[in-house]
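K.L.:
This is the structure I want to talk about, given as C-alpha cells.
The values are calculated or read from the model by the stated rules, or taken from the named source; none is laboratory data. Everything numeric in this text was worked out from a predicted model, so none of it was measured. Virtual Cβ from ideal backbone geometry, glycine too; neighbours counted across all protein chains shown. Accessible surface areas use protein heavy atoms only, side chains included; no ligands, DNA or RNA. Shrake-Rupley method; radii C 1.70, N 1.55, O 1.52, S 1.80 Å.
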Amino acid sequence: MARVPSETFVRPLTPKSVVEEVTAEIARSIRSGELRPGQEFSLREIAGQLGVSFIPVREALGRLEAQGLVVTRRNRSAIVAPLDAGELHAIYRLRRQIEPDLAAAACKLLQDEDYQRLETLFDMFADESLGIDDIYDAHHFFHTELLRPAATSWDLRILETLWRAAERYVRVAFGRLDPDPAEHRRRAAVHADIIDTFRMRDARAVRRSVLHHLDENERIAREGIPTA
C-alpha cells in the first residue's frame, strides 16, 4: 500500500468539530492533488497524521464517499476516487440545469456595488503572487456571489456540492496551464466578460454566456483526465 506523504496534512486540528475538520482537511488534500486519484491509504495512517482517533476519520471518509471523493474498502483502507470523464460530464450536466437560469435572474438583481466587489475578485485570478488555494477560493466566492441574489439556500447547497466535485478535475487540468502568465490574464478576461454581460441585464445573453463558460470549463477539465 502506498504511504501518504507525511507532509500531506498541514493544518492543525482542534477538538471542536473534529469530524468536520478531518473531512475538510482530507477533501482539501484531494482537491489540491496532494492525495492523487487512485491513491490508496489506510484510515489509521490518516488518523495518526492528523492526531485524532480512528472514529472521526471513518466518519469523515463516509461523508467524502457520499461526495464522490473517496471509495472506502472493508479492510479499513480507502482510495481517492479516480478521475472519470462520465462523472465529470454528469457534474456539468447538472450545473447546466441550474446555473444559467439563476444567472438570468441574478443579472436583474445585482447592483453597482455588487459588481465593484466582484471585480476585485476576478483581479485575483490574474495575480501570480497568490497561492493556488487563494485563487480557487476567490474563484469559488466569485461564482457564489454572482448567483446569490437569485439563489435559495437549497440552490447554494446543491451548487456547493457540484462545484467542489468539479474542483479537483479543474485543478488538474488548469494546473498544467498555470506556468504560463498569459493563462492567468485569460481567466481574468473571461470573468470580466461575464460581468460585462451581466451588466447588460439581458437574460438571454447571460444564459448563453454562462453556458459557454461551463462548456469551455468542461472541455478543458476533460483534457486533464489521464488516459489509460
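K.L.:
Could you say which residue among 55, 46, 26 is β-branched (Val, Ile, Thr) and closer than 30 Å to residue 220 by Cα? Before you say what the answer is, go through the steps one by one.
P.N.:
Details: 55 fails: closer than 30 Å to residue 220 by Cα; 46 fails: closer than 30 Å to residue 220 by Cα.
After applying the criteria, what remains is 26.
K.L.:
Please go through the range 134-151 and give me each residue that is more than 18 Å from residue 31 (Cα to Cα), in contact with a helix residue (DSSP H, G or I) (Cβ under 6 Å, 6 or more places away or on another chain) and crowded, with 17+ Cβ neighbours inside 10 Å, ordered by number.
P.N.:
142, 147, 150, 151
K.L.:
Moving to a separate point now. Identify, by number, the condition in (1) buried (at least 18 other Cβ atoms within 10 Å of the Cβ); (2) closer than 28 Å to residue 35 by Cα; (3) of a type outside the set (Gly, Ala, Ser) that residue 157 doesn't meet.
P.N.:
(1)
K.L.:
May I ask you to verify whether residue 94 is closer than 30 Å to residue 155 by Cβ and modelled with pLDDT of 90 or more? Outline the logic, then answer.
P.N.:
Working: closer than 30 Å to residue 155 by Cβ: yes; modelled with pLDDT of 90 or more: yes.
Judged against the criteria, residue 94 is a match.
K.L.:
Scan the range 198-208 and give yes if some residue there is crowded, with 16+ Cβ neighbours inside 10 Å and either within 15 Å of the chain's Cα centre (by Cα) or free of Cβ contacts under 8 Å to residues at least 60 places away in the same chain (or both), otherwise no.
P.N.:
no
K.L.:
Before we move on, is residue 31 open to solvent by 60 Å² or more (accessible area, probe 1.4 Å) and touching a residue at least 24 places away in the same chain (Cβ under 8 Å)?
P.N.:
no
K.L.:
Restricting to the range 35-68, what's the tally of residues that are open to solvent by 30 Å² or more (accessible area, probe 1.4 Å) and either among the β-branched types (Val, Ile, Thr) or assigned to a strand (DSSP E or B) (or both)?
P.N.:
The qualifying residues number 3.
K.L.:
Could you please find all residues in the range 121-167 being closer than 30 Å to residue 181 by Cβ, in contact (Cβ under 8 Å) with a residue 40 or more places away in the chain, hydrophobic (A, V, I, L, M, F, W, C) and assigned to a loop (DSSP other than H, G, I, E, B)?
P.N.:
Within the range 121-167, 125, 126 qualify.
K.L.:
Hey, another quick one. From the set of residues in the range 88-123 that are open to solvent by 60 Å² or more (accessible area, probe 1.4 Å) and of a type in the set (A, V, I, L, M), which is farthest from residue 204 (Cα to Cα)?
P.N.:
94
K.L.:
Go through 80, 71 for me and flag whichever is open to solvent by 20 Å² or more (accessible area, probe 1.4 Å), in contact with a strand residue (DSSP E or B) (Cβ under 7 Å, 6 or more places away or on another chain), under 26 Å from residue 221 (Cβ atoms) and not charged (D, E, K, R).
P.N.:
71
K.L.:
Is there a residue in the range 7-27 that is modelled with pLDDT under 85, open to solvent by 20 Å² or more (accessible area, probe 1.4 Å), more than 21 Å from residue 168 (Cα to Cα) and in contact with a strand residue (DSSP E or B) (Cβ under 6 Å, 6 or more places away or on another chain)?
P.N.:
No, because not a single residue in the range 7-27 is modelled with pLDDT under 85, open to solvent by 20 Å² or more (accessible area, probe 1.4 Å), more than 21 Å from residue 168 (Cα to Cα) and in contact with a strand residue (DSSP E or B) (Cβ under 6 Å, 6 or more places away or on another chain).
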